[in-house]
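**Student:** Okay, handing you the structure first.
The values are calculated or read from the model by the stated rules, or taken from the named source; none is laboratory data. As the structure is a prediction and not an experimental result, all values here were calculated from the model. Quick reminder, even Gly has a Cβ in these numbers, built from the backbone with ideal geometry, and neighbours come from all protein chains shown. In case anyone asks, the SASA skips ligands and DNA or RNA and just uses the protein heavy atoms, side chains included. Shrake-Rupley method; radii C 1.70, N 1.55, O 1.52, S 1.80 Å.
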Amino acid sequence: MPFSDYKTALVTGASSGIGAAVVERLCAEGLQVHALARSADALDALAKRTGCIPHAIDVTDLAGVTRLMGEVEFDILVNNAGVDRPGSILKSTAEDIDLILDVNLRAVLQLCRLALPGMVARDRGHIVNISSIAGAYNFGGNSTYHASKAAVHMLSRQLRIDAYGKRVRVTEICPGRVATDIFAHVHGDSAEIRERFIDGFELPQAADIANAIAFAIAAPIAVNVGLMEIMPTLQVPGGLSTTRPESPQS
Ligand SMILES: NC(=O)c1ccc[n+]([C@@H]2O[C@H](COP(=O)([O-])OP(=O)(O)OC[C@H]3O[C@@H](n4cnc5c(N)ncnc54)[C@H](OP(=O)(O)O)[C@@H]3O)[C@@H](O)[C@H]2O)c1
């Protein structure tokens with residue numbers, strides 16, 4: 001059981017949803033789990049419940065993140081923090097694009113840059129990146145979010161090359177819709193948003209994603225689970241749109 005080979009974990013975006021569930025799961029395995037997000041109160045409550053070590057740090061705060069990575073040798077890094085903004089790129093602001101890329105991609109790259117050399121030197125480590133089916137398929141949504149998650153997909157593959165020859169594992173978890181507060185965080189918390197995204201659907205719960213991550217970590221050290229796409233049974237990607245022009249060609 002490689003869980004016993006690992007002692008420490010860092011989970012970003014740990015104050016709610018999937019991140020909080022992963023913290024809970026890894027704490028239950030006896031790891032020392034460091035939980036990072038901006039919401040100090042939520043992290044403190046999680047720490048009381050699970051025994052994790054809270055860090056109220058913005059994942060885009062490079063100095064803060066660098067300090068933490070210098071203080072602890074992490075065996076497991078779960079890059080989970082993520083944001084989205086409503087609407088297509090037709091309505092995106094410059095700030096929307098910067099925020100999504102800063103949180104979903106730039107911070108992931110920086111954390112991998114800070115974590116991977118130590119893992120390679122110790123010949124031990126596991127990086128888990130949370131992407132999205134938005135990175136694998138095209139459908140209505142924010143194109144910047146899709147692009148950021150597609151980059152996380154390729155990064156996850158490429159990290160395996162960077163760590164080639166060492167017992168460093170990389171797992172991409174690619175979820176479809178999961179019953180978390182992400183939709184409230186993106187669109188605002190309202191009955192209409194819950195009705196649109198959550199109520200009445202049969203959806204994977206955050207704990208289901210945490211269990212999938214635990215499966216990948218618990219696999220024998222000779223086994224790298226590279227990619228897990230986890231969708232609701234009653235959700236499928238795909239489709240083809242064809243429309244007539246609004247006006248004839250001139
Ligand atoms: N739920 C889904 O349907 C779904 C589907 C596909 C992929 N995902 C991905 O799964 C991951 C987790 O999402 P979730 O569903 O659990 O959503 P969530 O409940 O909104 O959680 C997002 C987490 O990211 C943290 N975060 C956001 N900005 C941050 C920042 N600047 N610095 C540090 N932490 C930050 C939030 O904490 P603070 O606000 O306290 O900082 C929160 O803990 C995301 O990467 C998301 O893109 C979710």
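**Student:** Going by amide H atoms built from the backbone, whose H comes under 5 Å of the H on Val128, apart from near neighbours?
**Tutor:** So Val128 has HN proximity to Leu77, Val78, Asn79, Thr171.
**Student:** Roughly how far apart, in whole Å, are the Cα centres of the stretch 206-230 and the stretch 41-81?
**Tutor:** 21
**Student:** Quick query: amide H of Ile53 versus all other amide H atoms, modeled in the peptide plane; which residues come in under 5 Å with a sequence gap of 5 or more or a different chain?
**Tutor:** Under 5 Å from the amide H of Ile53 lie the amide H atoms of Val33, His34, Ala35, each far enough along the sequence or on another chain.
**Student:** Let me ask something additional. Filter the trypsin sites (Lys or Arg not before Pro) in the stretch 41-104 to those in DSSP coil with at most 14 other Cβ atoms within 10 Å of their Cβ, and list the result.
**Tutor:** Filter output for the stretch 41-104: Lys91.
**Student:** Still on this structure: Please list, in order along the stretch 223-234, the HN-Hα scalar couplings obtained from phi with the Karplus expression 6.51 cos²θ - 1.76 cosθ + 1.60 (θ = phi - 60°), rounded to whole Hz, x for Gly and Pro.
**Tutor:** Per residue, the Karplus-derived 3J(HN,Hα) values read 10, 10, 7, x, 8, 10, 9, 10, 10, x, 4, 9 Hz.
**Student:** Okay, next question. Which of the lysines could a cross-linker bridge to Lys91, judged by Cα under 29 Å and excluding same-chain residues fewer than eight apart?
**Tutor:** Lys149
**Student:** Can you tell me, using C-alpha contacts under 8 Å and at least 6 residues apart, the relative contact order of the chain as a whole percent?
**Tutor:** 20
**Student:** What residues have an amide H closer than 5 Å to that of Ile230, excluding those fewer than 5 places away on the same chain, when H is modeled at 1.01 Å from N in the peptide plane?
**Tutor:** Cys174, Gly176
**Student:** Please state, as a whole number in µm²/s, the translational diffusion coefficient that the Stokes-Einstein equation yields for the chain at 25 °C and 0.890 mPa s, with Rh defined as the Kirkwood radius across alpha carbon pairs.
**Tutor:** Value of D from the Cα-based Kirkwood radius: 131 µm²/s.
**Student:** Within the stretch 148-250, which GluC sites (Glu not before Pro) sit in a loop by DSSP and count at most 12 neighbouring Cβ atoms inside 10 Å?
**Tutor:** Glu202, Glu246
**Student:** Something else about it: For the Cα atoms of the chain, what angle does the longest principal axis make with the long axis of helix 143-162, in degrees from 0 to 90, nearest 10?
**Tutor:** 30
**Student:** Compute the long axis of helix 107-122 from its Cα atoms, compare it with the longest principal axis of the Cα atoms of the chain, and write down the angle in degrees, 0 to 90, nearest 10.
**Tutor:** Helix 107-122 and the main axis of the chain meet at about 30 degrees.
**Student:** Which residue fluctuates most in the GNM of the chain (Cα springs below 10 Å): Gly238, Gly51, Gly188?
**Tutor:** Most flexible of the set in this elastic network: Gly238.
**Student:** Same structure, new question: For the stretch 178-193, in order, what is each residue's ³J(HN,Hα) by Karplus, 6.51 cos²θ - 1.76 cosθ + 1.60 with θ = phi - 60°, in whole Hz (x at glycine and Pro)?
**Tutor:** Per-residue couplings from phi come out as 10, 6, 10, 7, 4, 5, 5, 5, 7, 9, x, 7, 8, 4, 5, 6 Hz.
**Student:** Same structure again: Using only helices, what value at 222 nm comes out for the chain when you add -39,500 (n - 2.57) per DSSP H run of length 4 or more and divide by the total residues, to the nearest 500 deg cm²/dmol?
**Tutor:** The helix contribution divided over the chain gives -12500 deg cm²/dmol.
**Student:** Just the number, please: carbon plus sulfur as a percent of the accessible area of the chain, 1.4 Å probe, no ligands or DNA/RNA counted.
**Tutor:** Carbon with sulfur: 53 percent of the solvent-accessible area.
**Student:** Which is farthest toward the positive dipole end of the chain among Ile198, Gly188, Ala63, measuring Cα position about the Cα centre, with Cβ charges +1 (Lys, Arg) and -1 (Asp, Glu)?
**Tutor:** Checked the options; the winner is Ala63.
**Student:** Using a 1.4 angstrom probe, figure out how much accessible area the stretch 160-250 has per residue, in square angstrom, rounded to the nearest whole.
**Tutor:** 66
**Student:** Nearest 10 degrees, 0 to 90: what angle lies between the long axis of helix 40-50 and the longest principal axis of the chain (Cα atoms)?
**Tutor:** 50
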